[in-house]
Amino acid sequence: MDKWLAYLGKNGFTNRHMFCKMNIRDTFEKLKQSWGVIALEMTDEVLYDLMDLRVDYAFKQLFAKGDTKSLISLLNAIFVHKQIPRVITSLAITNPISDKKHEKDKPSILDIRAILDDNTHVLIEMHLYDITAHKYKTMRSWARVYGGQLNEGQKFTEQNTVIHISFLDGAVTYADGKPIKKVHSLFHIMERDDHEILSPDMEMHYINMKAFEKQIKELLKRLKETGYKEKLEIDDFTAWLAFIIQKEIKDKDALRTICDRKELSDAMKALALISSDENKRLDYQRRMDELHTYNYAIRKMENEIKQNKAEIKQNKAEIKQSKAEIKQSKAEIKQKNAVIADKDAKLADKDAKLAALMAEIAALRKGQEQT
């Protein structure tokens with residue numbers, strides 16, 4: 001902030017208190033009037049101080065307020081990446097952010113909802129937790145928006161396409177539970193055998209930022225090896241994702257090289273301006289604390305579930321072992337019973353022979369007595 005104030009002082013902003021109290025939009029307009037452009041150098045210090053766009057509060061401050069050029073560029077990059085013949089020239093945000101007004105208020109962090117110039121509805125969500133259930137949430141959100149378009153008397157064919165785009169800190173899964181490992185997945189309603197799309201009205205994008213982090217490492221390695229001079233073919237989709245996960249890119253020269261295009265340069269400067277706003281920084285920190293608390297609770301529950309599953313597995317193994325021991329004991333008892341039965345049979349045979357012998361002896365004694 002001190003460097004900003006010193007720089008501003010040279011350009012007519014001499015009242016520190018006035019500058020700190022100025023509305024961010026007024027500040028922005030004053031800067032443009034004074035310099036013609038935003039004269040902010042993207043030093044390492046400025047870049048390290050940028051808000052993390054994976055925090056939904058920061059994401060919405062940049063993309064859902066004020067100028068929509070950054071959001072248009074991001075959406076076009078996403079569509080081009082999946083070779084979708086859709087080019088956006090304008091859009092309207094339909095759900096402005098409802099910020100906290102009082103300390104006890106819960107911040108309303110809503111998904112970005114926009115209507116494109118062709119009346120397509122777009123829902124965008126930055127989601128860092130509970131990835132397992134997220135696909136069900138997106139289907140519900142899509143259904144609510146798609147089904148809520150019609151008024152009484154309108155035809156079903158008058159419903160417009162609804163697109164849901166999720167930026168995720170992990171992978172969603174297929175129906176069989178297998179994780180989707182690629183960075184960008186696109187889903188439609190399709191015929192099972194022919195793979196023909198039933199209707200383009202349902203379009204769901206899932207962007208796995210964890211997978212992208214791994215992918216970008218190789219690109220950063222190549223950039224560093226060439227001294228950032230190699231002209232790598234970096235598409236807009238890759239550049240925008242790199243900008244969104246910029247906190248994970250420690251090499252800021254690489255970040256500047258990747259984001260060396262007008263739309264991203266403007267977005268980076270806008271984010272720097274947002275990040276320097278003390279009130280927004282406080283709200284951003286509160287949201288980060290909420291996410292950390294929530295994630296801690298989720299991790300705690302997951303660990304408890306994992307521990308319980310391990311205990312259940314161990315108990316099942318012990319029960320299985322006990323059953324095996326019981327089975328073995330039953331087999332041993334059966335074997336011993338068989339031995340006992342055999343001995344009883346032999347003893348009974350001996351008893352029968354002894355009884356016969358005793359009968360013979362008795363007969364002989366009786367014959368002798370008669371003679």
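The values are calculated or read from the model by the stated rules, or taken from the named source; none is laboratory data. All of these numbers come straight from a predicted model, not from anything done at the bench. Cβ sites come from the backbone with ideal geometry, for glycine too, and all protein chains shown count toward neighbours.
Taking region 239-274, which residues are free of Cβ contacts under 8 Å to residues at least 24 places away in the same chain and either touching a helix residue (DSSP H, G or I) at 6+ places or on another chain (Cβ under 8 Å) or assigned to a loop (DSSP other than H, G, I, E, B) (or both)?
Hits for region 239-274 are K250, C259, D260.
This table checks each residue for (1) outside any loop (DSSP other than H, G, I, E, B); (2) in contact with a strand residue (DSSP E or B) (Cβ under 9 Å, 6 or more places away or on another chain); (3) farther than 30 Å from K65 by Cα.
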residue: D118; (1), (2), (3): no, no, no
residue: E125; (1), (2), (3): yes, yes, no
residue: S166; (1), (2), (3): yes, yes, no
residue: A171; (1), (2), (3): no, yes, no
residue: A175; (1), (2), (3): no, no, yes
residue: K181; (1), (2), (3): no, yes, yes
residue: K214; (1), (2), (3): yes, no, yes
residue: E218; (1), (2), (3): yes, no, yes
residue: K221; (1), (2), (3): yes, no, yes
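Quick one: is T161 over 22 Å from H81 (Cβ atoms) and of a type in the set (S, T, Y)?
Numbers: over 22 Å from H81 (Cβ atoms): no; of a type in the set (S, T, Y): yes.
Taking the combined requirement at face value, the residue does not satisfy it.
Just to check your reading of the model, which residue among D99, D56 is assigned by TED's automatic domain parsing to the domain that holds M204 and at pLDDT below 50? Lay out the reasoning, then the answer.
Numbers: D56 fails: at pLDDT below 50.
Answer to the selection: D99.
Here is a yes/no grid of residues against (1) within 24 Å of the chain's Cα centre (by Cα); (2) outside the structural domain of E225 (by TED's automatic domain parsing); (3) buried (at least 19 other Cβ atoms within 10 Å of the Cβ):
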position	(1), (2), (3)
W240	yes, no, yes
F243	yes, no, yes
K247	yes, no, no
K250	yes, no, no
R256	no, no, no
D260	no, no, no
E263	no, no, yes
D266	no, no, no
A270	no, no, yes
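Please specify each residue of region 146-168 satisfying the condition of being modelled with pLDDT of 90 or more and among the β-branched types (V, I, T).
Within region 146-168, T161, V162, I163, I165 meet the criteria.
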